[in-house]
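As structure tokens, the structure follows; a few thoughts come after it.
The values are calculated or read from the model by the stated rules, or taken from the named source; none is laboratory data. Just so we're clear, the structure is a prediction, and the values are computed from it rather than from any experiment. Note that each Cβ is placed from the backbone with ideal geometry, even for glycine, and that neighbours are counted across all protein chains shown.
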Amino acid sequence: MNGIHRTAAVAALLLALPLSVAASTPASATSPLLAVSATSAGSAGFADSATVPAAFHIDLPRPTGPNAVGRQILHLVDQDRPDPWVPSAGPRQLMVSMYYPAVAGTGGPAPYTTPQAARLILDRFLPGNTIPTEALAGLGTWSRSDALPRHGRFPLVLLSPGFIMPRTELTSLAEDLASRGYVVALVDHTYENTGTTFPDGQTLTCAAICDAPPPGGPAVVEASRAKDLSFVVDQLTDRSRPAWRYAHMIDAHRIGIAGHSMGGAAAVPALATDDRIRAGVDLDGTMHYPVPAGGLGGKPYMMIGHPLPDGQVDTSWTDAWANLDGWKRWLTVAGSDHGTFTDDNLLLVGLGHPNPTTITPERGIELTREYVAAFFDLQLKDIPQPILDGPTAANPEVSFHQ
């Protein structure tokens, strides 16, 4: 679970929505900051460090690949689909952060988030807090805004964040994948995530579905996310009028998806309904939209989660495991919790709270990056990855389900 103190209605929704797949700790057991994501980039990668209050020290780990990382923000509008949660808002609108291999030394600082989003994030997860907006808005990243793209064509990875969380919780993963030679589309699902800032400055938080289950329950939300993600693919791969100026970088025949919590669970309907998406990763998300009995057409799928207490197992994972008909892996990371697979715990500690797990936030990010990248290197680049064959002495925290 997310470890956020909310009303009983919200807690009930979270019990149904983004329970960790291989894991969950009681909501009262961890700080309410667990669902907030943070990025900073130590040393040369840090942007505007002078604006960050000295009391806070948050260093986003440096990307591990050989490429510099560029970032651009897209505003996409689906004129053929009304917003599913707030119909009065008109067509479905999405904000997407595009990360890509870039030419070193080009572009400008790419801040962690907007001031408006930072304020909403802090206030939602820390009611009555006195943390200044700059603690988030002033943080930098390792990305460079509008950096020149590297020459070449690269696989596309879609990233979907957890329910209620901002998309920035997956920043460290997005930057790392881009540094390793992927184009990454990190998607905010409007009215499902906190702090979605549009080009006109309007910044949205969650709609009513964040406080009460929508009709049809969590499976409907996961299916809606799959539609969002397919629309993003449509816009990025349109040959005549692509929505992104660097769309020529994308190899449309090599597309994968990964996500955290509900974003990970949404990989199932995305794979089941969109033939263009070839492989998926679920980071600690219970699947309410089940893997079909006939499987996912042989598409590879990996699940990474934290251990449930007392040896419990998420039944959505056992059900999915039985139905998956392609290459598959189920990994559990000892000492982890729901936030381990994102930047959440890094922010938590950086804002002065104790680490909620026995694994450090930096180690959690390191393992997440390593195994997610290995999965896509194998499935989208056909590069053998022995690390996915079984336990290794280098990563004793990671066990493989048999």
Among the residues of segment 346-361, is there at least one that is in contact with a Ser or Thr (Cβ under 9 Å, 6 or more places away or on another chain), closer than 27 Å to Ile277 by Cα and not aromatic (Phe, Trp, Tyr)? no
Among residues of segment 227-284 being without any contact (Cβ under 8 Å) to a residue 40 or more places away in the chain and charged (D, E, K, R), the residue surrounded by the most Cβ atoms within 10 Å (Cβ to Cβ) is Asp234
Taking Arg119 and the conditions (1) surrounded by fewer than 22 Cβ atoms within 10 Å (Cβ to Cβ); (2) touching a Gly at 6+ places or on another chain (Cβ under 9 Å); (3) in a loop (DSSP other than H, G, I, E, B), which numbered condition does it fall short on, given that it satisfies the others? (3)
May I ask you to list the residues in segment 256-288 that are in contact with a strand residue (DSSP E or B) (Cβ under 6 Å, 6 or more places away or on another chain), part of a helix (DSSP H, G or I) and closer than 20 Å to Thr190 by Cβ? Gly263, Gly264, Ala267, Ala270
Take Ser316 and tell me if it is at pLDDT 95 or above, within 24 Å of Thr168 (Cα to Cα) and among the hydroxyl-bearing types (Ser, Thr, Tyr). no
Within segment 334-355, of all residues that are at negative phi and either among the small types (Gly, Ala, Ser) or touching a Lys or Arg at 6+ places or on another chain (Cβ under 9 Å) (or both), the one modelled with the lowest pLDDT is Gly350
Residue that is farthest from the chain's Cα centre (by Cα), among those in segment 111-144 that are modelled with pLDDT under 95 and small (Gly, Ala, Ser): Gly128
Restricting attention to segment 297-310, the residues that are farther than 18 Å from Thr357 by Cβ and either surrounded by 23 or more Cβ atoms within 10 Å (Cβ to Cβ) or modelled with pLDDT under 95 (or both) number exactly 3
